[in-house]
Amino acid sequence: MDQTVFVIMKVNGTYGGEEMMDEVLDIIAKFTRSDFKVRGRVSGRRDEADAIITGLNALGEELESRSFYLLENEKRINEIMDTLLQYTLMDFSKKIPVSEKGDELDAIIVGLNTLSEELESNMSQLKESEAALQKKTVELARSNRELEQFAYVASHDLQEPLRMVSSFLQLLEKHLGSNLDRDAKEYIGFAVDGSLRMKDMINDLLTYSRILSGNAKFENTDIGELLADVKDNLKESISESKVTIGYETMPTLFVDRIKMTRLFQNLVGNAIKFRSKDRPAEIHIKCEQLPETYLFSVRDNGIGIKREYYGKIFLIFQRLNSKNEYPGTGIGLAECQKIAELHMGKIWLESEEGKGSVFYFTVPKYLR
Ligand code: ADP
């Protein structure tokens with residue numbers, strides 16, 4: 001600044017050129033407003049004033065080309081920013097033209113274009129596999145529905161012929177009773193037993209398929225009240241087995257009350273049924289609040305289960321003990337699993353043979 005003032009003064013002093021002075025000031029003023037197009041007139045006298053104007057003109061040219069370059073770069077940077085913004089919206093289609101400058105910005109642009117091509121192809125692969133997955137899910141849901149429908153229809157329709165078989169067997173026994181020898185009576189007895197057992201299985205299958213296909217009715221349910229109902233439903237076996245059942249304060253959850261009752265009833269029923277003969281049966285039901293879920297547990301001090309059977313017992317009709325010792329069809333835990341899944345939860349167990357078992361299941365908190 002000082003130097004500029006000095007030069008201006010010198011121009012003014014030496015040549016007294018007011019006009020020259022105005023021109024120089026005008027050029028400088030325009031430069032400060034980023035207008036670098038202005039050029040001063042060179043008189044041709046080759047004096048200091050001409051030298052200053054020539055210098056200013058050269059400076060103007062230089063600044064003009066630099067500002068053009070800066071503007072160009074600003075445009076390219078804006079384009080890069082826009083493209084990055086598109087990427088955050090998962091749109092990788094935009095490609096930025098590469099200039100002939102071959103500068104650092106071009107290197108960035110080339111990198112971005114390559115990245116976008118890669119992401120674009122990954123996205124299209126992802127979309128393809130998503131569509132395939134969606135198709136498979138729909139197919140699976142359809143085949144599940146068909147299977148559920150089949151289980152329902154089969155179990156429903158099998159009831160009638162089975163009823164006929166068992167009642168005619170019983171009639172046969174009644175009519176021919178005195179004429180039948182011991183073996184024949186025993187065979188008829190086996191056949192009647194078998195058909196009664198089949199009847200239980202068909203009934204359980206029917207209930208199971210109703211759980212699968214029936215609409216869920218979610219409502220706010222006081223789990224404490226629900227457990228009181230469970231105890232009431234099982235009161236005969238509770239008093240017969242002299243089992244003690246304890247539980248603490250329970251939450252109120254948004255669940256399918258009937259199905260959740262069934263889940264608890266199956267677990268408590270099993271804890272009673274598979275009690276140990278060596279000690280009084282004790283069952284404890286607990287609810288723990290975890291960050292994302294409610295964790296329920298039903299603990300017993302019964303006969304326990306070997307680790308190798310942990311998976312098997314959740315399958316339909318799978319049992320570990322003889323039907324004479326412990327009645328049942330082996331569908332209860334399969335039902336529990338379906339009900340837990342219906343509530344977006346999981347079910348599993350920990351057990352020690354001869355000491356007892358704990359069955360756990362979760363209900364996510366967002367169902368509240
Ligand atoms: P069910 O009770 O009709 O046999 P479940 O599906 O409820 O059928 O149970 C499957 C099998 O898992 C039972 O037959 C039994 O062998 C085992 N089981 C279930 N609960 C317990 C338990 N609390 N203690 C020991 N064994 C159990």
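Points to keep in mind about this one:
- Compactness of the range 126-211 is given as radius of gyration and Dmax, 21.6, 76 Å, from Cα positions.
- In loop segments of the range 189-277 as defined by DSSP, the trypsin sites (Lys or Arg not before Pro) with at most 13 further C-beta atoms inside 10 Å of their C-beta are K217, K242, K277.
- Rounded to the nearest 10 degrees, the inclination of helix 257-273 to the longest alpha-carbon principal axis of the chain is 50 degrees.
- For the chain, fraction of C-alpha pairs farther apart than 31 Å, in %: 65
- Whether the range 54-162 is rounded, prolate or oblate, judged on the alpha carbon gyration tensor where a/c under 1.5 counts as rounded: prolate
- 17 Å Cα-Cα reach of K135 towards lysines, excluding residues that sit fewer than 8 places from it in its own chain: K127
- Global geometry of the range 289-360, whether rounded, prolate or oblate, following the gyration tensor of its Cα atoms and the 1.5 cut on a/c: oblate
- The Cα trace of the range 170-304 gives Rg and Dmax of 20.8, 71 Å, the first to one decimal, the second as a whole number.
- G40 long-range amide H proximity, modeled H, under 5 Å: N57
- Summing +1 for each Lys or Arg and -1 for each Asp or Glu among the other residues whose beta-carbon sits under 15 angstrom from that of F317 gives +3.
- Amide hydrogen neighbours beyond the local backbone of L349, cut-off 5 Å, H modeled: Y360
- 5 angstrom amide H check on Y247, placed H, neighbours 5+ away: I285
- With the largest listed first and rounded to whole Å, the semi-axes of the equivalent ellipsoid of the range 234-331 from the Cα gyration tensor are 24, 18, 14.
- Ordering 299-310, 139-150 by mean Cβ neighbour count within 10 Å, with the highest value first, yields 299-310, 139-150.
- Sorted peptide list for 52-64, 124-136, criterion being average Cβ within 10 angstrom, highest first: 52-64, 124-136
- With 0.36 nm allotted per residue and the present C-alpha distance subtracted, the L71-E236 stretch has 50.5 nm of extension available.
- Secondary structure note: in the chain, about 85% of the DSSP beta bridges are antiparallel.
- Cα gyration tensor shape of the range 158-201, rounded if a/c is under 1.5, else prolate or oblate by comparing a/b with b/c: oblate
- Judged by the mean number of other Cβ atoms found within 10 Å, the most tightly packed of the peptides 333-340, 151-158 leads the ranking 333-340, 151-158.
- Rounded to whole Å, the principal axis extents of the Cα atoms in the range 120-164 read 66, 7, 5, largest first.
- Local electrostatic count, K346, Cβ distance below 13 Å [Lys/Arg +1, Asp/Glu -1]: -1
- Near Q159, once Lys and Arg are set to +1 and Asp and Glu to -1 for all other residues with Cβ below 15 Å from its Cβ, the sum equals 0.
- Taking every DSSP helix (H) stretch of at least 4 residues in the chain, weighting each as -39,500 (n - 2.57) and dividing the sum by the residue count yields a mean residue ellipticity at 222 nm of -20500 deg cm²/dmol.
Readers should treat all values here as calculations from the given coordinates under stated rules, not as data from a laboratory. Being a predicted model, the structure only gives us computed values, none of them experimental. As a convention, Cβ positions derive from the backbone with ideal geometry for all residues, glycine included, and neighbour counts pool all protein chains shown.
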